[in-house]
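The values are calculated or read from the model by the stated rules, or taken from the named source; none is laboratory data. What you are looking at is a predicted structure, and each value in this text was computed from that prediction instead of being measured. Neighbour counts run over all protein chains shown; Cβ positions are idealised from the backbone, glycine included. Note: areas computed on protein heavy atoms with side chains; ligands, DNA, RNA excluded. Shrake-Rupley method; radii C 1.70, N 1.55, O 1.52, S 1.80 Å.
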Amino acid sequence: MTAGQERLSDLLREHGDSLITRWAELAGAGLRGRMTTTELQRDLGELFATLLPVADEPATGLDSDQHRELKAFLADLSRNRARQGFSPAETASSVFALKQAVFELTEGNDDPAVFRRLMAFSGLLDGLGLWTFETYAAAREEIIREQSEQLLELTTPVVKLWEGVLAVPLVGTLDSARTQVVMEKLLESLVETSSQHAIIDITGVLAVDTQVAQHLLKTVVAARLMGAECTISGIRPQIAQTIVALGIEFGDITTKATLADALRHALRFEGVELVHGGKGPA
């Protein structure tokens, strides 16, 4: 750094291409080939251009207007890396790797002024790395939440068994969040198909307690408000004993032991007569 290069940003700008190349090499070493050199250089080149305007700013925090664009870029980068399956350490190390590239560039320069600028820049990168880590964690939580919602929808299908008859086979546990999904999907399907009967099958529900029973009752009440009749099927002997022991009352809600029994009841409700076929005596 010469006397005319009083700002660190001038030095970074002058050696920008070689710095980005070295930066990509260092950052790529910890990614084990999961990103190509071209992809890394593109991402880091954009980050470098966003970083230059604040390279000479004191590392006292990232809350100033000058840092807003840089933080927004790093937040997008963190979200993309999270969706691509990179770890938070791998994501933050992409920022920290610039330190070594800059230190290598200024190696051998004993000017105290240069050293002070480098320390300030190092502090800035530390803050940016921590910000990257925080935004990665937030992005990961958002991804997990989205995946949980998608999984809830996949594990809560609404099946059309017959004209006017829908079924919701439940498997696993039934909590407030899943009850809401069940209710929404059932009501939407009742409107779309103009069905008058719904069967909620709990054969695959692991256990029924007071809370689960309340969730079932809420779903039945919501369906009735839409003008549909509901039947709860899958009441196994163990479930029946638990319901009696807990003093749970289903009131006037029809319950059946199996889904087949519930379907027969729904078809009779719809005015469909079932005739068992078979060969008569010769």
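Percent relative contact order of the chain, based on C-alpha pairs within less than 8 angstrom and at least six residues apart? Let's see the in-between values first.
Values: 315 pairs, mean separation 37.0, N = 282.
RCO, the chain: 13 percent.
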Report summary line: With all protein chains in place and a 1.4 Å probe, E146 shows an accessible area in Å² (nearest 10) of 60 Å²
Query - Mean Cα-pair separation over length for segment 75-209, i.e. relative contact order, pairs under 8 Å, 6 or more apart, % - result: 23 percent
Query - E188 - accessible surface, heavy atoms, 1.4 Å probe, Å² rounded to 10 - result: 110 Å²
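Divide by every residue of the chain the summed helix terms, -39500 (n - 2.57) for each DSSP H run of at least 4, and state the resulting mean residue ellipticity at 222 nm, rounded to the nearest 500 deg cm²/dmol. Walk me through the numbers before you get to the answer.
On the way: 10 runs with 168 residues, N = 282.
Calculated at 222 nm, the ellipticity per residue is -20000 deg cm²/dmol.
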Query - Of every Cα-Cα pair in segment 20-74, the percent that sits beyond 19 Å - result: 38 percent
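Stick to Cα atoms and the Kirkwood definition of Rh, then tell me Rg/Rh for the chain.
Rg/Rh for the chain comes to 1.32.
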**Report entry** Convex hull per residue volume in Å³, alpha carbons only, for segment 8-148
**Finding:** 99 Å³
Report task. Quote the accessible area belonging to D10 in square angstrom, nearest 10, computed with a 1.4 Å probe and with ligands, DNA and RNA left uncounted. Result -> 50 Å²
**Report entry** Within the chain, percent of DSSP bridges classed antiparallel, to nearest 5
**Finding:** 15 percent
Query raised in the report: From the phi of every residue in segment 97-107, what ³J(HN,Hα) in whole Hz does the Karplus formula 6.51 cos²θ - 1.76 cosθ + 1.60 yield, where θ is phi - 60° and glycine or proline is x?
Result: 4, 5, 4, 4, 4, 6, 4, 5, 5, 9, 4
**Report entry** Charge dipole (debye, nearest 20) of the chain; +1 at Cβ of Lys and Arg, -1 at Cβ of Asp and Glu
**Finding:** 1140 debye
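On a 1.4 Å probe surface of the protein chains, which of E249, E134, E90, E46 comes out largest in accessible area, and what is the full order?
Putting E249, E134, E90, E46 in descending order of accessible area: E249, E134, E46, E90.
Work the Kirkwood hydrodynamic radius out for segment 159-270: mean of 1/r over every pair of different alpha-carbon atoms, inverted, in Å.
13.9 Å
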**Report entry** ³J(HN,Hα), Karplus 6.51/-1.76/1.60, whole Hz, each residue of segment 194-211, x for Gly, Pro
**Finding:** 6, 6, 10, 9, 10, 10, 9, 9, 10, 4, x, 6, 5, 8, 10, 10, 4, 5
